[in-house]
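What follows is one structure encoded as structure tokens, with my remarks underneath.
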Amino acid sequence: MAGRIMGDIATLYRRWLGEVWQGDLDVLGELLAPGFVGHWPDREVRGLDETAEQIRQSFALFGDVRTAVDVGPVVDGDTVAARWTFTGAYRGGLPGATAAPGTTVSFSGMDIMRAEDGRFAEYWVVSDALGLMTRLGALPG
């Protein structure tokens, strides 16, 4: 039974990174619990609507998004962790950025997600925002 639960959480995570972060926000209802809380470094979002809006903000800045799991997913009970790489074409619009629209940039991060009743209830993310801002020319390199 534990192997099945672990496999299910790993599959759920792969859908999170491979479907949601490819732009399919319609699957959020399948992946996230109604009381979902996402802990981004600069804000906390609650529920499906706020989570979808947070993700849309990323897509407003980047097109041709690709994501890859670099390590994991590693499952421990009801929790899964993974390291990922995000690659996208900068659309422009970030204050202070000097990169031309169309510039392809990559950055990495790590997710920790807690599942409850077959869906994710909580999310923590840490990403290399400093590296991203440097690549976009918003900070000196």
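The values are calculated or read from the model by the stated rules, or taken from the named source; none is laboratory data. Fair warning: this is a prediction, and the values are worked out from it, not measured in the lab. Virtual Cβ from ideal backbone geometry, glycine too; neighbours counted across all protein chains shown. Areas reflect the complete protein model, heavy atoms only, side chains present, ligands, DNA and RNA absent. Shrake-Rupley method; radii C 1.70, N 1.55, O 1.52, S 1.80 Å.
What to note about this one:
- Residue that is surrounded by the most Cβ atoms within 10 Å (Cβ to Cβ) [pool: residues in region 24-66 that are touching a Leu at 6+ places or on another chain (Cβ under 8 Å) and of a type in the set (Val, Ile, Thr)]: THR51
- Only one of PRO73, PRO34, PRO140 that is part of a strand (DSSP E or B), at pLDDT below 95 and in contact with a helix residue (DSSP H, G or I) (Cβ under 9 Å, 6 or more places away or on another chain): PRO34
- All conditions but one from (1) modelled with pLDDT of 95 or more; (2) in a helix (DSSP H, G or I); (3) closer than 15 Å to ARG114 by Cα apply to THR51; the one that does not is (3).
- The residues in region 123-137 that are open to solvent by 30 Å² or more (accessible area, probe 1.4 Å), free of Cβ contacts under 8 Å to residues at least 60 places away in the same chain and either touching an Asp or Glu at 6+ places or on another chain (Cβ under 7 Å) or not basic (Lys, Arg) (or both) can be counted, and the count is 4.
- Cβ separations smaller than 6 Å between residues 6+ apart or across chains give the following pairs from region 79-101 residues that are at positive phi to residues that are assigned to a loop (DSSP other than H, G, I, E, B) and among the hydrophobic types (A, V, I, L, M, F, W, C): GLY96/ALA138.
- Region 57-70: number of residues that are assigned to a strand (DSSP E or B) and out of contact with any strand residue (DSSP E or B) (no Cβ under 9 Å at 6 or more places or on another chain): 0
- Of all residues in region 86-105 being open to solvent by 30 Å² or more (accessible area, probe 1.4 Å) and β-branched (Val, Ile, Thr), the one that is nearest to PHE120 (Cα to Cα): THR104
- Region 5-23 - residue that is open to solvent by 30 Å² or more (accessible area, probe 1.4 Å) and touching a helix residue (DSSP H, G or I) at 6+ places or on another chain (Cβ under 9 Å) and, of those, modelled with the lowest pLDDT: GLY23
- Residue tally, condition farther than 18 Å from GLY47 by Cβ and either open to solvent by 10 Å² or more (accessible area, probe 1.4 Å) or not in a strand (DSSP E or B) (or both), over region 106-122: 5
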